[in-house]
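Here is the structure we will look at, set down as structure tokens.
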Amino acid sequence: FRKYKRPLTESNIRLAIKEHYRKNARLKTEVDVETSKFETMYKESATLYRIRVEEGPKTRLAGVNFLGNSYYPSSKLESFFDRDAFELASIGYFDEEYFRHYIDLLRNRYIKNGFVQIKIQGPNYTFSEDSERVNVDYNIFEGQRAYVRSISMEGLPIEFEEEVLEILKNKKGSPFNPITLID
């Protein structure tokens, strides 16, 4: 809490502790903070914080669902999800950080295959009544796939054009991958 930028209040302490437990898949953790102010024997004002934490169970990942996908089957998207998962998600627990990170991983996969207008909404959570299980949903809007129609080289001598075209990862007639232009 010394590094904490906000004032040290009961609600800020409670939020910080709950956030810590949330990052560890314990969504139903209860935190109670009590403060008492007193004066030390040196006549200095002091505040005592009493914190009671009641850890809830870890929230299990019941399933991951993909809606709107057609290029990749849901089973393939699930295998990408499992293969790249951070520690908590890989062992079947709620991992909000990974669920958000997965959107970027998934977006890059689609873009590399020509879906330059891909939109992914989510993660959306559906919790069981007791919050001990969660389903994570992603809505995918693939958009139209872009293909390379032609490649032209201006200012390059004709004798080098074929060599350069061979090196390029984007080829005429193949899906456009803008990521290769960055590499």
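Structural remarks
- Selection within the stretch 27-56 - assigned to a loop (DSSP other than H, G, I, E, B), open to solvent by 60 Å² or more (accessible area, probe 1.4 Å) and either under 30 Å from Asn135 (Cα atoms) or basic (Lys, Arg) (or both): Lys28, Lys43, Glu55
- Annotation note: Cβ proximity below 8 Å between a residue of the stretch 70-90 that is farther than 9 Å from Tyr102 by Cβ and in a helix (DSSP H, G or I) and a residue that is open to solvent by 80 Å² or more (accessible area, probe 1.4 Å) and of a type outside the set (Lys, Arg) (sequence gap 6+ or interchain) occurs for Ser90/Asp82.
- Test: Leu8 is among the aliphatic types (A, V, I, L, M) and under 30 Å from Ala146 (Cβ atoms): no
- Residues located in the stretch 131-164, provided they are aliphatic (A, V, I, L, M) and closer than 20 Å to Lys112 by Cβ: Ile140, Ala146, Val148, Ile151
The values are calculated or read from the model by the stated rules, or taken from the named source; none is laboratory data. Everything numeric here is computed off the predicted structure, so don't read it as measured data. Note that each Cβ is placed from the backbone with ideal geometry, even for glycine, and that neighbours are counted across all protein chains shown. For accessibility, only protein heavy atoms count, side chains too; no ligands or nucleic acids. Shrake-Rupley method; radii C 1.70, N 1.55, O 1.52, S 1.80 Å.
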